[in-house]
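**Q** What follows is a single structure, and I will ask about it in a moment.
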Amino acid sequence: MERRLLEAAQKGNVDELNDLIRSNALILEEMALEGAGHTPLHIACVAGHSDFVRELLKLMPKFAGKVNAGGFSPLHMAAARGDVETARELLRVGQSLCFVKGREGRIPLHYAVINGELDVMKLLLSASPKSIEMTTAREETALHLAVKNNRFDAVVVLVEHLKQHNKVQVINWKDKKGDTVLHLAAAAENFEVVEFMLCGHALELGIVEVNALNKSGSTPLDVSCRSDREIREILSRAGAEHGQSRSPSLQIVRVDGDGDDIEVATSYQSVAKPAVENDHPPSPPRKDSNLGQESLGDKRSALLVVAALIASATYQAVLQPPTFLKKFQIHNEKGLVGAYSSFLASTTGRNLALLSFMSSNTFGFLISVQAIISLTHDLPLKLPLVLSTFAMVWTYLSCMVNVPSRSLLDENFSFVGAAFIGTLAIVIPVVLLLIQIKIATYLGMWIEFLSRINILCLMDSLSSKVGQTHPNATGARRQRPVPI
């Protein structure tokens, strides 16, 4: 008779179920007392027969809490399959089913997350909001499982739920190895999750700990793959740093296929422990071993100071522009020098000189302002800083209007000419700003070329010094007799 009941559950035959109950009213009680735990309700949930599940729960609701030998309750199975109707019928028995732990301490929500079943996830979270705080035997949260199984949509749903219920601290919870969600995403090169966590609204609320240390002493930046520059740039902009007890070197990151293990192999050697062990006692760590290894935060601060100094210098230059005289004494009226002096004394020469000054000064000012905005975009109170920067730019442009009249001491000063110069002085820097990447590339190539020439000159100078120090070295080699 039990076999007939299991077959009815597999087929979803409610009439057969009722016939069996009329034949033996205690058949369900007898199956509930068995230790195996695999009930007709499990079979009906796997088959997806919600009508059979509904009828069976009316007769024997205690089946809903049974866990079979594989570590699955009926709600585990419905959640893993994404069967919303069956899950809803089971939850009518009680919300406590959301906390039934199965294999490795996983609850139904965990299986819904692993398989990316968003509708069932939302149903379980609405039935029991606290279930998102449940962890597995490995101390993994639902977020850990979502990242390990590459379920970005599930990550978004879980983070939104945490925000709505003021449980955002769960984002920084660590698993048994001390890894946060950000550790896992960085190690697995999961760009979507890293960008969502650090470039979205999560960081603005001050939620994500970008420098959390796992049990190996590694931060998310430590475990990130060096080849994925985009992820490392996002982490760096968010203020991520390397672990304090590790010195940077070549990085090799391995993530196991199931996403459960993160290993940083010889990528960041411990400062306190030598890389090679020998018979000699290890020497104590040098206090200056970390000198020259500036943190990213220090580098950003240094860049911010340089950008502010350039902005101040260019701003002061537009407040006190140079004066271009209409007439001055030319001592040499012949040759190239005379022609150049005459050109500078002309109206065209003075206008070009003023245009060159205003354009280059404005370009430098705009570049420095751009750098300031980029370096401070993730700081708190960002809006007041942006407004003050905009006011400074507006003041700069307002002062530029009066620069030609102050610089060109000409009694026949033309307003149209001044307006033309002022317009060009704004248009040219804006155009240069749009192609700044190409300009920087060419400048970098030119600087590299000059550095190579400098190296060649140094090598030539060293070789000449060696020749002067040993003048007979070459001659001695030439005069050495050949053996017979």
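**Q** When both residues are 6+ apart or on different chains and their Cβ atoms are under 6 Å apart, which pairs have a first residue that lies in the stretch 431-459 and is surrounded by 10 or more Cβ atoms within 10 Å (Cβ to Cβ), and a second that is modelled with pLDDT of 80 or more?
**A** Hits for this filter: Leu432/Phe363; Leu433/Leu366.
**Q** Report yes if some residue within the stretch 95-108 is surrounded by fewer than 20 Cβ atoms within 10 Å (Cβ to Cβ), more than 24 Å from Asn149 (Cβ to Cβ) and assigned by TED's automatic domain parsing to the domain that holds Lys122; otherwise report no.
**A** Yes, the stretch 95-108 contains at least one residue that is surrounded by fewer than 20 Cβ atoms within 10 Å (Cβ to Cβ), more than 24 Å from Asn149 (Cβ to Cβ) and assigned by TED's automatic domain parsing to the domain that holds Lys122.
**Q** Would it be correct to say that Asn115 is closer than 30 Å to Lys382 by Cβ, of a type in the set (S, T, N, Q) and not assigned by TED's automatic domain parsing to the domain that holds Thr376? Steps first, please.
**A** Numbers: closer than 30 Å to Lys382 by Cβ: no; of a type in the set (S, T, N, Q): yes; not assigned by TED's automatic domain parsing to the domain that holds Thr376: yes.
Answer is no for this residue.
**Q** Let me ask another. Can you pull out every residue in the stretch 109-120 that is hydrophobic (A, V, I, L, M, F, W, C), surrounded by 18 or more Cβ atoms within 10 Å (Cβ to Cβ) and over 14 Å from Phe99 (Cα atoms)?
**A** At the first step, the residues of the stretch 109-120 found to be hydrophobic (A, V, I, L, M, F, W, C) are 109, 112-114, 118, 120.
With the extra rule that they be surrounded by 18 or more Cβ atoms within 10 Å (Cβ to Cβ), the set shrinks to 109, 112-114, 120.
Listed by number, the residues that qualify are Val113, Ile114, Val120.
**Q** Then there's this: Just name the residue that is surrounded by the fewest Cβ atoms within 10 Å (Cβ to Cβ) out of those in the stretch 121-150 that are of a type in the set (Gly, Ala, Ser) and outside any loop (DSSP other than H, G, I, E, B). Quick ask: steps written out before the conclusion?
**A** Just the residues of the stretch 121-150 that are of a type in the set (Gly, Ala, Ser), to begin with: 126-128, 131, 137, 142, 146.
Adding the requirement that they be outside any loop (DSSP other than H, G, I, E, B) leaves 126-127, 131, 142, 146.
Values: Ser126: 10, Ala127: 19, Ser131: 18, Ala142: 31, Ala146: 28.
Among those that are of a type in the set (Gly, Ala, Ser) and outside any loop (DSSP other than H, G, I, E, B), it is Ser126.
**Q** Given (1) at pLDDT 60 or above; (2) assigned by TED's automatic domain parsing to the domain that holds Leu354, identify the lone condition not met by Leu408.
**A** (1)
**Q** Still on this model: Kindly provide the set of residues from the stretch 185-196 that are hydrophobic (A, V, I, L, M, F, W, C) and closer than 16 Å to Asp153 by Cα, ordered by number.
**A** We begin by selecting, within the stretch 185-196, every residue hydrophobic (A, V, I, L, M, F, W, C); these are 185-188, 191, 193-194, 196.
Across the stretch 185-196, the qualifying residues are Ala185, Phe191, Val193, Val194, Phe196.
**Q** Among (1) surrounded by 10 or more Cβ atoms within 10 Å (Cβ to Cβ); (2) at pLDDT 65 or above, which single condition is Phe413 missing?
**A** (2)
**Q** Given the structure, is Ile426 modelled with pLDDT of 60 or more and surrounded by 12 or more Cβ atoms within 10 Å (Cβ to Cβ)?
**A** Numbers: modelled with pLDDT of 60 or more: yes; surrounded by 12 or more Cβ atoms within 10 Å (Cβ to Cβ): yes.
In short, yes.
**Q** Suppose we filter Val156, Val147 for residues that are at pLDDT 95 or above and farther than 18 Å from Gly102 by Cβ; which single one remains?
**A** Numbers: Val156 fails: at pLDDT 95 or above.
Unique residue meeting the criteria: Val147.
**Q** Quick one: is Val181 more than 14 Å from the chain's Cα centre (by Cα) and β-branched (Val, Ile, Thr)?
**A** On the way: more than 14 Å from the chain's Cα centre (by Cα): no; β-branched (Val, Ile, Thr): yes.
The answer is no for Val181.
**Q** If a residue has to be farther than 17 Å from Pro220 by Cα and part of a loop (DSSP other than H, G, I, E, B) to count, how many in the stretch 151-181 make the cut?
**A** Residues meeting the conditions: 4.
**Q** Do we have any residue at all in the stretch 24-45 that's on the phi > 0 side of the Ramachandran plot and modelled with pLDDT under 90?
**A** At the first step, the residues of the stretch 24-45 found to be on the phi > 0 side of the Ramachandran plot are 37.
Imposing the further condition that a residue be modelled with pLDDT under 90 reduces the set to 37.
Checking the stretch 24-45: at least one residue is on the phi > 0 side of the Ramachandran plot and modelled with pLDDT under 90.
The values are calculated or read from the model by the stated rules, or taken from the named source; none is laboratory data. Values in this document were obtained by computation on a predicted structure and should not be read as measured data. Reconstructed Cβ throughout: ideal geometry from the backbone, glycine too, with neighbour counts over all protein chains shown.
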